[in-house]
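Quick notes on the structure that follows.
The values are calculated or read from the model by the stated rules, or taken from the named source; none is laboratory data. Note that the structure is a prediction, hence the values are computed from the model and not measured. Glycine gets a Cβ as well: all are built from the backbone with ideal geometry, and neighbour counts include every protein chain shown. All accessible areas refer to the heavy atoms of the entire protein, side chains included, with ligands and DNA or RNA removed. Shrake-Rupley method; radii C 1.70, N 1.55, O 1.52, S 1.80 Å.
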Amino acid sequence: MSKIEKAYAITDAKISFVSLVDKAANKKQFLITKAEHGSASFASYGRIVNADADSHYITGIVYEPLTEDAHGNYMTEQDVQHSFEPLEKAAVVESYVAPCDMSVGEQAIKKGTWMMTVEVDDPDIFEKVQKGEITGFSMGGVGKYSDTDDPLPE
């Protein structure tokens with residue numbers, strides 16, 4: 001992953017949902033919709049990094065801080081505030097911010113990355129995960145959108 005030096009910041013993020021999606025594939029992406037007065041609605045996509053066939057636990061990246069998205073935007077670890085809506089036929093088993101650089105299976109995880117493990121009770125949904133038809137989590141919410149291309153914080 002190449003280091004980015006400048007990008008547009010999203011701050012004061014309020015996360016209103018996390019869901020399973022079929023769009024995450026290999027790259028994290030953001031969809032930003034600007035509103036008035038520097039506010040923005042956004043959605044991001046993070047990939048599943050582990051699916052356990054015995055427990056039906058799925059672990060994946062919800063959000064990785066200081067990583068430029070497809071639209072040249074980023075958030076810091078401190079800017080994400082977690083608020084969850086229930087996932088139908090799934091339960092959040094754990095939700096945490098990686099305390100250090102680490103790995104889950106073969107996937108390198110950067111310090112500050114929001115990780116989530118979900119137990120999927122619906123066999124059809126879990127089968128889609130195993131087949132690669134569902135590939136990640138999506139989070140969405142609102143926040144303040146910067147109009148300036150500023151240097152990234154250290």
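Among the residues of segment 120-129, write down those that are open to solvent by 60 Å² or more (accessible area, probe 1.4 Å), within 15 Å of V21 (Cα to Cα) and not basic (K, R).
Those that are open to solvent by 60 Å² or more (accessible area, probe 1.4 Å), within 15 Å of V21 (Cα to Cα) and not basic (K, R): D124, E127.
Is at least one residue of segment 72-79 under 26 Å from P123 (Cα atoms) and modelled with pLDDT of 65 or more? Steps first, answer last, please.
In the first step, residues of segment 72-79 are kept if they are under 26 Å from P123 (Cα atoms); the result is none.
The answer is no, given that none of the residues of segment 72-79 is under 26 Å from P123 (Cα atoms) and modelled with pLDDT of 65 or more.
So is F42 under 23 Å from V97 (Cβ atoms), at pLDDT 60 or above and either open to solvent by 60 Å² or more (accessible area, probe 1.4 Å) or not in a strand (DSSP E or B) (or both) or not?
Details: under 23 Å from V97 (Cβ atoms): yes; at pLDDT 60 or above: yes; either open to solvent by 60 Å² or more (accessible area, probe 1.4 Å) or not in a strand (DSSP E or B) (or both): no.
Spelling it out, it is not the case that F42 is under 23 Å from V97 (Cβ atoms), at pLDDT 60 or above and either open to solvent by 60 Å² or more (accessible area, probe 1.4 Å) or not in a strand (DSSP E or B) (or both).
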